[in-house]
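Asks: Below is one structure. I have some questions about it.
The values are calculated or read from the model by the stated rules, or taken from the named source; none is laboratory data. These figures come from a predicted structure and were not determined experimentally. Reconstructed Cβ throughout: ideal geometry from the backbone, glycine too, with neighbour counts over all protein chains shown. Remember, those area values only see protein heavy atoms, side chains included, never the ligands or the DNA or RNA. Shrake-Rupley method; radii C 1.70, N 1.55, O 1.52, S 1.80 Å.
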Amino acid sequence: DEALWEEAETGLRHQSQITANYLGLMALGGAVAATGLVVESTPQAISVVAAAIVAPGFDPLAKIPMGLALRRWDVARAGLVSVAIGYLALTPSAALVFLVLSWTGVTTIEEFVGNSQVQELADPTLREVLLSACGAVAGMVMMLSYRRYLIPGALVALMIIEAAAMAGMALAAGEPALMYEGLERFGLDVLLIVAGGVLVVLLKQTIFHRRAPIV
């Protein structure tokens with residue numbers, strides 16, 4: 001059940017190509033995540049899971065460790081560009097949704113800042129970090145073993161969509177300190193994906209593939 005390097009690269013290229021569909025889904029994922037960071041309990045869980053399913057936020061990030069581990073610098077570079085543009089579509093979308101919810105009286109800045117999920121994102125414990133690390137490694141294994149349909153599970157564990165959305169919402173709310181904490185959590189999850197992804201790719205190269213991808 002091991003995908004060939006060429007198949008994995010083709011799949012990643014398709015999923016993270018900068019198109020209207022990719023950008024639209026990233027923006028919609030940010031909007032869905034924003035609705036979950038101003039509520040609690042079941043509605044929040046629904047929003048978190050839905051955002052992970054809607055936004056194709058893992059695939060462009062997966063290109064970076066794959067490119068680095070296999071010395072495919074063009075793949076890593078394309079991943080960086082897709083990540084930058086994709087999450088730049090997600091973040092302002094989340095900010096806009098928060099502003100709409102605030103202007104219509106559905107939520108307030110205080111409710112957003114005091115939300116339990118926001119606090120967990122801003123100040124993750126070892127449990128949250130380990131959860132994200134497991135999600136990062138699992139996502140790369142899924143990507144390279146014909147289990148792409150399970151990727152939303154990795155995104156739920158990572159919470160990277162919510163961290164990016166939180167940063168945009170905090171900026172819109174005039175909370176720069178909270179925005180920086182959101183960016184720190186986003187950066188942490190990116191680091192876990194890159195480090196865990198490089199490890200997974202190198203192990204698969206050593207154990208199964210033992211060859212460079214065909215150009």
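Asks: Suppose we filter 61, 23, 12, 28 for residues that are under 20 Å from residue 149 (Cα atoms), open to solvent by 70 Å² or more (accessible area, probe 1.4 Å) and either without any contact (Cβ under 8 Å) to a residue 12 or more places away in the chain or part of a helix (DSSP H, G or I) (or both); which single one remains?
Replies: Being under 20 Å from residue 149 (Cα atoms), open to solvent by 70 Å² or more (accessible area, probe 1.4 Å) and either without any contact (Cβ under 8 Å) to a residue 12 or more places away in the chain or part of a helix (DSSP H, G or I) (or both) holds for just one of 61, 23, 12, 28, which is 28.
Asks: Could you tell me whether any residue of the range 146-157 is β-branched (Val, Ile, Thr), modelled with pLDDT under 95, surrounded by 15 or more Cβ atoms within 10 Å (Cβ to Cβ) and in a helix (DSSP H, G or I)?
Replies: yes
Asks: While we're here: Please tell me if residue 162 is at pLDDT 95 or above and either open to solvent by 40 Å² or more (accessible area, probe 1.4 Å) or within 15 Å of the chain's Cα centre (by Cα) (or both).
Replies: Yes, satisfied.
Asks: Same structure, new question: I'd like to check something: does the range 173-192 contain any residue that is within 30 Å of residue 100 (Cβ to Cβ), in contact (Cβ under 8 Å) with a residue 40 or more places away in the chain, open to solvent by 50 Å² or more (accessible area, probe 1.4 Å) and part of a loop (DSSP other than H, G, I, E, B)?
Replies: Yes, the range 173-192 has at least one match.
Asks: What single numbered condition from (1) part of a helix (DSSP H, G or I); (2) out of contact with any helix residue (DSSP H, G or I) (no Cβ under 6 Å at 6 or more places or on another chain); (3) open to solvent by 30 Å² or more (accessible area, probe 1.4 Å) fails to hold for residue 204?
Replies: (3)
Asks: Here is a follow-up. Select from the range 64-82 the residues that are in contact (Cβ under 8 Å) with a residue 24 or more places away in the chain and of a type in the set (A, V, I, L, M) and list them in ascending order.
Replies: Residues satisfying the conditions are 64, 66, 68, 69, 70, 75, 78, 81.
Asks: Given 10, 91, which one is at pLDDT below 95 and not aliphatic (A, V, I, L, M)?
Replies: 10
Asks: Another question about this same structure. Among (1) more than 19 Å from the chain's Cα centre (by Cα); (2) more than 22 Å from residue 15 (Cα to Cα); (3) touching a residue at least 12 places away in the same chain (Cβ under 8 Å), which single condition is residue 118 missing?
Replies: (1)
Asks: Right, next: Name the residue that is nearest to residue 182 (Cα to Cα), counting only residues in the range 31-52 that are open to solvent by less than 50 Å² (accessible area, probe 1.4 Å) and not in a helix (DSSP H, G or I).
Replies: Per the stated criteria, the residue is 37.
Asks: Restricting to the range 64-92, name every residue that is surrounded by 16 or more Cβ atoms within 10 Å (Cβ to Cβ), of a type in the set (Lys, Arg) and assigned to a helix (DSSP H, G or I).
Replies: Passing the criteria: none in range.
Asks: Taking the range 120-145 as the search range and keeping residues that are over 20 Å from residue 195 (Cα atoms) and of a type in the set (Asp, Glu), which one is surrounded by the most Cβ atoms within 10 Å (Cβ to Cβ)?
Replies: Of everything passing the filter in the range 120-145, 120 is surrounded by the most Cβ atoms within 10 Å (Cβ to Cβ).
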